[in-house]
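**Student:** Next up is a structure, given as structure tokens.
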Amino acid sequence: MSKRSVHFKIYRYDPDKDEKPYMQDITVELEASDKKLLDALMRLRGKDDSLSFRRSCREGVCGSDAMNINGKNGLACLTAIDDLPQPVVLRPLPGLPVIRDLIVDMTQFFKQYHSIKPYLINENPPPERERLQSPEDREELNGLYECILCACCSTSCPSFWWNPDKFVGPAGLLAAYRFLADTRDEATSERLDNLEDPYRLFRCHSIMNCVDVCPKGLNPTRAIGKIKDMMVARAV
Amino acid sequence: MSVAKRTFDAVIVGAGGAGLRAALQLAESGMKTAVLTKVFPTRSHTVAAQGGVAASLGNSTEDNWHWHMYDTVKGSDWLGDQDAIEFMCRKANEVVVELEHYGMPFDRTDNGKIYQRPFGGHSQHYGKTPVSRSCAAADRTGHAMLHALYQRNVRANTQFFVEWMALDLIRDAEGNVLGVTALEMETGEVCIFHARATIFATGGAGRIYQSSTNAFINTGDGLGMAARAGIPLEDMEFWQFHPTGVAGAGVLITEGVRGEGGILRNNSGERFMERYAPNLKDLASRDVVSRAMTTEINEGRGCGPDKDYVLLDITHLAPETIMKRLPGIREIAIQFAGVDPIKEPIPVVPTCHYQMGGIPTNYKGQVVVPKDGDPNVAVSGFYAAGECACASVHGANRLGTNSLLDLLVFGKSAGETVVEDNLAGNLPLRPLPADAAEYSLSRIARLESQKNGESVFDVGLEMRRTMQKHAGVFRFDNLLKEGVEAILKVAERSKTTEIHDKSKVWNTARMEALELDNLIEVAKATMVSAEARKESRGAHVRDDAPDTPEYPNGRNDNEWLKHTLWYREGNRLDYKPVNLQPLNEGTEQIALAKRTY
């Protein structure tokens with residue numbers, strides 16, 4: 001492949017020196033081996049070492065490099081650079097405070113994740129060997145446990161933007177259902193009580209932005225629907 | 001300059017599998033513990049492990065820990081310490097079952113038990129037939145494990161310091177370890193973490209190579225810190241090249257693919273592993289498969305326009321099997337190789353994957369160094385577990401699925417030992433030297449003031465190319481000799497790296513420069529140790545140490561059945577004996593033998 005260049009418009013903000021954020025115009029020459037947006041960003045860093053973003057596994061499992069790419073949230077490492085219309089406009093994930101450049105403060109996101117008690121609750125003394133679970137029951141966890149906590153979903157959700165302190169958001173609710181759906185977990189009613197609130201669960205209006213952006217192809221809206229069904233079922 | 005100080009009973013550096021498992025142990029003990037981590041815990045590299053965690057549960061084929069121990073010793077090419085290996089294999093069922101109790105979503109057998117699949121080098125009856133020993137959650141076992149461990153730590157209220165990069169180990173004049181200095185990414189401030197006990201769980205340094213399955217964060221921070229503080233690094237010549245990294249991209253394709261029936265083929269479609277390992281074939285040990293692949297490529301039987309890769313074929317498997325057992329692999333193949341493995345084979349090459357060596361420890365997780373004629377004297381206050389440590393259970397070559405097991409067993413063991421040592425009164429809070437943070441501050445000040453220096457990007461690239469060229473899958477005496485000179489030159493250049501970004505907040509340029517310092521120590525240790533070891537063993541295979549009747553597989557037990565110790569100061573080597581004695585009386589020693597699969 002011949003040399004190709006990419007024109008970027010990137011949100012820049014360094015609290016040490018910038019009074020306010022600005023969009024930087026910058027072009028970078030790619031090598032033939034640069035396939036993903038992350039490759040291009042690493043190439044860009046070779047040119048300007050002050051551009052800050054998080055990255056680690058570069059294969060879509062660690063969830064570090066979520067950002068807003070041409071208006072849509074996604075992972076830089078899973079986004080093919082050649083497929084992106086130029087200029088490629090990069091912004092930090094929307095709705096969370098910006099620390100610097102493409103790095104957001106994820107405290108609120110993780111606070112909501114922690115609020116659903118994201119761990120197995122089963123107070124019975126465990127058996128000597130594994131707890132048994134049928135393959136069918138285990139299958140219920142598929143599409144739930146694979147979440148990488150990248151926050152693409154929650155930061156694309158208007159309900160989370162308006163009420164990040166009150167609405168758990170799609171990522172947290174997906175995790176909540178992951179434990180509700182686990183036959184080994186015994187805290188069903190406690191978990192439902194925890195979500196029985198005008199905001200925590202019911203601010204989801206099923207607009208499915210979360211589904212649209214999830215880089216792992218997960219469906220938080222469906223999980224939220226199932227929690228709502230469980231709420232209804234226990235009310236009657 | 002005054003530096004803020006925080007005091008804890010224990011500080012754990014790293015929040016991957018080993019760090020999180022150690023943290024759980026300490027949380028239960030009530031010791032006040034801080035876990036420092038460069039990235040949010042679930043972003044640690046454990047997340048990328050795919051195929052499974054070894055335990056002789058025997059859920060679908062008969063199994064026991066003796067066979068697992070035999071396989072591990074043989075896999076290590078007898079360089080592993082048999083006490084530590086016995087300890088790990090005996091503990092495997094316990095720690096895997098615990099993980100299940102924590103909520104780990106293992107796949108299940110029809111009768112509801114943990115699903116197990118075959119993996120390279122794991123066998124029944126001491127090498128006779130393959131065994132299903134790898135406990136798996138689809139092909140996302142590391143992800144499922146890391147999240148389960150993090151979640152359990154949320155339950156335990158573990159105190160994390162997220163996005164803090166540890167900089168240097170603090171030791172007093174007697175050599176006792178008193179904690180670390182660390183840099184908070186969000187503020188750019190340096191802080192002292194003063195503690196009775198310090199546990200390193202900082203992972204590997206696979207980023208010393210050009211072609212690597214490892215994450216960007218795998219920069220050997222713990223090894224760099226240890227080496228700068230005078231602790232030797234053990235067996236650093238032994239690096240695992242995983243047979244199946246995606247050609248070009250380096251992204252890992254789990255051995256579980258071959259465990260589920262995948263086959264490696266050369267350009268004529270031949271299943272070439274039948275020639276190299278007639279018994280276990282594609283499921284031979286990783287070093288064996290990587291060398292066979294490299295030989296095929298070197299002899300012109302590679303695939304593609306440049307004949308520079310081989311093919312991993314699963315097109316004969318049922319699509320349902322692939323979707324159920326290998327869904328993540330399918331995603332990776334589509335994303336990074338541009339092929340759907342249901343229809344087309346995946347182009348793969350051996351790719352740097354795992355560091356067998358590391359900070360020397362015993363099976364309890366205590367860091368041990370030679371002192372007064374004893375090769376294994378514990379350094380007071382210092383512990384290590386996981387890939388950064390060398391217990392040594394992997395010796396000269398690690399078996400697949402033994403890494404996740406290592407994290408669980410030795411993470412737990414290090415935590416338990418800290419608790420025991422503390423209860424025994426062996427961990428006083430020793431006074432900090434007045435200059436405890438000086439060294440770290442001077443390294444940062446040097447970076448701030450450097451003018452006309454070297455680019456971090458360029459020096460890093462030169463290091464990775466040097467390692468790839470001079471210390472790869474096959475090793476050559478002349479290349480190693482040149483490699484030592486070359487890497488020392490790169491190390492010189494790294495002393496004058498310059499960054500242009502001088503800001504405080506989330507300065508990734510500074511972080512990468514500091515990471516490079518750590519990588520350079522690992523690269524030097526690797527090259528110098530490899531040049532010196534004049535035999536072939538496990539992953540270290542030299543052209544001038546071929547297979548002969550006197551030296552089977554080129555292995556020379558008379559002279560080289562010993563662990564390498566590399567010291568940063570003076571760039572010098574020392575050696576210590578391999579422990580061939582199992583832990584318990586009555587456990588049979590695995591006698592030296594030629595390794596064949």
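**Student:** If B:Gly175 passes every condition in (1) of a type outside the set (A, V, I, L, M, F, W, C); (2) away from every other protein chain (no Cβ under 11 Å); (3) surrounded by 24 or more Cβ atoms within 10 Å (Cβ to Cβ) but one, which one does it miss?
**Tutor:** Unmet condition: (3).
Yes/no matrix, rows are residues, columns are (1) under 17 Å from B:Asn397 (Cβ atoms); (2) β-branched (Val, Ile, Thr); (3) within 14 Å of chain A (Cβ to nearest Cβ):
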| site | (1), (2), (3) |
| --- | --- |
| B:Ala247 | no, no, yes |
| B:Val251 | no, yes, yes |
| B:Val257 | no, yes, no |
| B:Asp282 | yes, no, no |
| B:Asp287 | yes, no, no |
| B:Thr294 | yes, yes, no |
| B:Ile297 | no, yes, no |
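**Student:** Please note which helices (runs of 4 or more DSSP H) are completely contained in the range B:423-541 and include at least 3 residues that are modelled with pLDDT of 95 or more and among the hydroxyl-bearing types (Ser, Thr, Tyr).
**Tutor:** The helices (runs of 4 or more DSSP H) meeting that bar are B:438-449, B:508-532.
**Student:** If only one of A:Pro125, A:Pro85, A:Pro92 is closer than 30 Å to A:Trp161 by Cα, open to solvent by 30 Å² or more (accessible area, probe 1.4 Å) and more than 8 Å from chain B (Cβ to nearest Cβ), which one is it? Step through it out loud before you land on a result.
**Tutor:** Details: A:Pro125 fails: closer than 30 Å to A:Trp161 by Cα; A:Pro92 fails: open to solvent by 30 Å² or more (accessible area, probe 1.4 Å).
Result of the check over A:Pro125, A:Pro85, A:Pro92: A:Pro85.
**Student:** Answer yes or no as to whether B:Ala318 is more than 21 Å from B:Gly52 (Cβ to Cβ), open to solvent by 20 Å² or more (accessible area, probe 1.4 Å) and either small (Gly, Ala, Ser) or touching a helix residue (DSSP H, G or I) at 6+ places or on another chain (Cβ under 7 Å) (or both).
**Tutor:** Considered against the rule, which asks whether it is more than 21 Å from B:Gly52 (Cβ to Cβ), open to solvent by 20 Å² or more (accessible area, probe 1.4 Å) and either small (Gly, Ala, Ser) or touching a helix residue (DSSP H, G or I) at 6+ places or on another chain (Cβ under 7 Å) (or both), B:Ala318 comes out as no.
**Student:** If you scan the range B:553-575, which residues turn out to be assigned to a strand (DSSP E or B), surrounded by fewer than 19 Cβ atoms within 10 Å (Cβ to Cβ) and in contact (Cβ under 8 Å) with a residue 24 or more places away in the chain?
**Tutor:** B:Tyr567, B:Leu573, B:Asp574
**Student:** Taking the range B:188-212, which residues are in contact with an Asp or Glu (Cβ under 9 Å, 6 or more places away or on another chain) and among the polar types (S, T, N, Q)?
**Tutor:** B:Thr202
**Student:** Of the numbered conditions (1) open to solvent by 20 Å² or more (accessible area, probe 1.4 Å); (2) in contact with a Pro (Cβ under 6 Å, 6 or more places away or on another chain); (3) at the interface with chain B (Cβ under 10 Å from one of its Cβ atoms), A:Val98 fails exactly one; give the number of that condition.
**Tutor:** (3)
For every residue, the table says whether it meets (1) more than 21 Å from the chain's Cα centre (by Cα); (2) β-branched (Val, Ile, Thr).
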| residue | (1), (2) |
| --- | --- |
| B:Ile114 | yes, yes |
| B:Gln124 | yes, no |
| B:Asp139 | no, no |
| B:Arg152 | yes, no |
| B:Thr158 | yes, yes |
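**Student:** Considering only residues that are without any contact (Cβ under 8 Å) to a residue 60 or more places away in the chain and aliphatic (A, V, I, L, M), look in the range B:324-369 and name the one that is nearest to the other protein chains (Cβ to nearest Cβ).
**Tutor:** Residue satisfying both the conditions and the ranking: B:Ile334.
**Student:** Does B:Arg475 fit the bill of being basic (Lys, Arg), in contact with a helix residue (DSSP H, G or I) (Cβ under 8 Å, 6 or more places away or on another chain), more than 20 Å from B:Ala226 (Cα to Cα) and open to solvent by 40 Å² or more (accessible area, probe 1.4 Å)?
**Tutor:** no
**Student:** Which fully enclosed strands (runs of 3 or more DSSP E) of the range B:199-314 have 2 or more residues being open to solvent by less than 10 Å² (accessible area, probe 1.4 Å)?
**Tutor:** The strands (runs of 3 or more DSSP E) meeting that bar are B:239-246, B:310-313.
**Student:** Just give me the residues in the range B:52-100 being part of a loop (DSSP other than H, G, I, E, B), of a type in the set (Gly, Ala, Ser) and away from chain A (no Cβ under 14 Å), in sequence order.
**Tutor:** B:Gly52, B:Ser76, B:Gly80
**Student:** Picking from B:Arg493, B:Arg464, B:Arg475, B:Arg510, which residue would you name as being closer than 29 Å to B:Ala4 by Cβ and basic (Lys, Arg)?
**Tutor:** Of B:Arg493, B:Arg464, B:Arg475, B:Arg510, the one residue that is closer than 29 Å to B:Ala4 by Cβ and basic (Lys, Arg) is B:Arg510.
**Student:** In the range A:208-233, which residues are open to solvent by less than 30 Å² (accessible area, probe 1.4 Å), touching a residue at least 24 places away in the same chain (Cβ under 8 Å), part of a helix (DSSP H, G or I) and of a type outside the set (S, T, N, Q)?
**Tutor:** A:Cys210, A:Val213, A:Pro220, A:Ala223, A:Ile224, A:Ile227, A:Met231
**Student:** Also, quick follow-up: Taking the range A:43-84, which residues are over 25 Å from B:Leu461 (Cβ atoms) and without any contact (Cβ under 8 Å) to a residue 24 or more places away in the chain?
**Tutor:** Matches in the range A:43-84: A:Asn70, A:Gly71, A:Asp83.
**Student:** Kindly establish whether B:Ala27 is within 11 Å of chain A (Cβ to nearest Cβ) and not hydroxyl-bearing (Ser, Thr, Tyr). Break it down stepwise before answering.
**Tutor:** Working: within 11 Å of chain A (Cβ to nearest Cβ): no; not hydroxyl-bearing (Ser, Thr, Tyr): yes.
In short, no.
The values are calculated or read from the model by the stated rules, or taken from the named source; none is laboratory data. Only a predicted model underlies this, so the values are computations on that prediction, with no experimental measurement involved. Cβ sites come from the backbone with ideal geometry, for glycine too, and all protein chains shown count toward neighbours. For the accessible areas, the whole protein counts, side chains as well, though only heavy atoms, and no ligand, DNA or RNA atoms are used. Shrake-Rupley method; radii C 1.70, N 1.55, O 1.52, S 1.80 Å.
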